[in-house]
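Worksheet for the structure shown next.
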Amino acid sequence: MNKNSSNVMALAPNTSNKRETVCIFGTGDFGRALGHKMIQSGYSVVYGSRSTQISNLIPKDAEVLSHAEAAQKAAIIIIAIQRQHYNFLIPLAEILRGKVLVDISNNLKLNQYPESNAEYLAQLLPGSRVVKAFNTVSAWALQSGTLDASRQVFVCGNDVEAKQMVMNIVRALGLTPLDKGSLLAAQEIENYPLQLFPMWKFPIFLSLGLTAFFFFYCVALDVIYTYIYEKRDFSFFIAITIPNRVCPVMALILLALVYLPGIFAAIIQLYRGTKYRRFPDWLDKWMLCRKQLGLIALAFASLHVVFTLVTPMRAFVSWRTSKGIISQALNNKTEPLNNTNAWISDSYLALGILGFFLFVLLGITSLPSVSNNVNWREFRFVQSKLGYLALILCTAHTLVYGGKWFLSPSAYKWYLPNIYILSLIIPCAVLVVKFVLIFPCVDKPLTQIRQGWERNPKHSE
């Protein structure tokens, strides 16, 4: 409730002081939405348009004039039109001389033109002060007020005063300006809205690759091998059984991969004796996508829970259960409860439940709305301490459930290990190395290095 209230206050109209007049060239969706928001914030808005007839779509307090007349009324002109229509501005060059032109355009694909739209506009009108801004904000967000996903506005330009004027408008609209430097940054800013989940590419491709590998690995061992050597058709395993084996394996491996780059970083810092040298590029990129890896791991863990809950409803499970009951009835013999198996069953279920609970907690605290309300120490405690505890519980869950296959010769079909054995390699390696790193003889120098101490200061970079 408090957060919503603060958002409403940040976006509320500022009518206490009337602000300057701003001109908008273009009466499309974004031009209208931006003009409406600016009027709410206390600005006078005049539209420059080919048609000066007032439309019911135009904000009622705005004025509509020809381009030349509208440009003469304001020092800041927002160009809310596409690049291919910029040529009509050339005859207005003298009127626009010295004025701030805000280019808000986007392209249809990355690097569509040799230069950015803002640089092209600056070439057409060298006497004007061009600033790139607002292209990362959608018209829908401005109209609905739901600006949580697009509150940040990148701003760049060669004129410092012009940039400051635009950033003042950004702040007045309840948005957050971010100065990206000169107009050379406009290409990067224009490419930003066109990127499709840039931080998710590596985690998604890695997850798809590992999922495909483990899926076909299980198909080979559980379906093909059984059909060839035992003459039994278990092809229906592809629907539930095999996905329910692949999902927990993927969740455990991806969770381990979240903490593995931190292990590599610690080893590299201990080896170098300094924190002032950059990590390799592959490690930097890996560390930047740890959040995405963790969220994908949570998705796999959630699927595992769902698959496990529907297991009792499967025809195969019902058949196997009824077969066991009938077998005991025909033999007139009731098999006693095996306490060892009962303990193992309850143990791995309990470990799985606790591990999944911490898994969900890690996912919740990674949300911006939650992480912004905790301090750094609290966030680190959850993501690091509780994260490693989740990894320990999930690894123990897998060990207790699949440990029986380690020494069973029947588990090695075609001399290949069971999928659960493969899933434990990376998590166990991470936990073993982490256990070594927390020894005082290792942890103390590592802490000193991270606090700025250097083994050989004269050789540091």
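The values are calculated or read from the model by the stated rules, or taken from the named source; none is laboratory data. Model, not experiment: these values are computed from the prediction. Neighbour counts are summed over all protein chains in view; Cβ atoms, including those assigned to glycine, are modelled from backbone coordinates with ideal geometry. These accessible areas exclude ligands, DNA and RNA; they are computed on the full protein's heavy atoms, side chains included. Shrake-Rupley method; radii C 1.70, N 1.55, O 1.52, S 1.80 Å.
Structure values in brief
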read-out: Flag for Asn111 being in contact with a helix residue (DSSP H, G or I) (Cβ under 8 Å, 6 or more places away or on another chain) and within 16 Å of Ala80 (Cα to Cα); value: no
read-out: Wholly enclosed helices (runs of 4 or more DSSP H) of region 387-461 bearing at least 2 residues at positive phi and exposed (fewer than 11 other Cβ atoms within 10 Å of the Cβ); value: none
read-out: Any hit, region 5-22, residues being assigned to a loop (DSSP other than H, G, I, E, B), in contact with a strand residue (DSSP E or B) (Cβ under 8 Å, 6 or more places away or on another chain), modelled with pLDDT of 90 or more and not polar (S, T, N, Q); value: no
read-out: Of all residues making up region 194-238, the number that are open to solvent by 40 Å² or more (accessible area, probe 1.4 Å), of a type in the set (Phe, Trp, Tyr) and assigned to a loop (DSSP other than H, G, I, E, B); value: 1
read-out: Strands (runs of 3 or more DSSP E) fully within region 41-158 counting 2 or more residues that are under 24 Å from Arg19 (Cα atoms) and open to solvent by less than 10 Å² (accessible area, probe 1.4 Å); value: 44-48, 76-79, 100-103, 129-132, 152-157
read-out: Which numbered condition Gly273 fails, given (1) farther than 28 Å from Phe357 by Cβ; (2) among the small types (Gly, Ala, Ser); (3) modelled with pLDDT of 95 or more; value: (3)
read-out: Residues of region 136-172 satisfying the condition of being touching a Pro at 6+ places or on another chain (Cβ under 7 Å) and at pLDDT 90 or above; value: Val153, Val155, Met167, Val170, Arg171
read-out: From the options Ala396, Ala411, residue that is touching a residue at least 40 places away in the same chain (Cβ under 8 Å) and either farther than 27 Å from Tyr276 by Cβ or of a type in the set (Ser, Thr, Tyr) (or both); value: Ala396
read-out: Test: residue in region 130-138 that is among the basic types (Lys, Arg) and in contact with a strand residue (DSSP E or B) (Cβ under 7 Å, 6 or more places away or on another chain); value: yes
read-out: Sole exception among (1) open to solvent by 30 Å² or more (accessible area, probe 1.4 Å); (2) in contact with a helix residue (DSSP H, G or I) (Cβ under 7 Å, 6 or more places away or on another chain) for Ser366, by number; value: (1)
read-out: Hits in region 168-183 (condition: within 27 Å of the chain's Cα centre (by Cα) and either open to solvent by 70 Å² or more (accessible area, probe 1.4 Å) or not small (Gly, Ala, Ser) (or both)); value: Val170, Arg171, Leu173, Leu175, Thr176, Pro177, Leu178, Asp179, Lys180
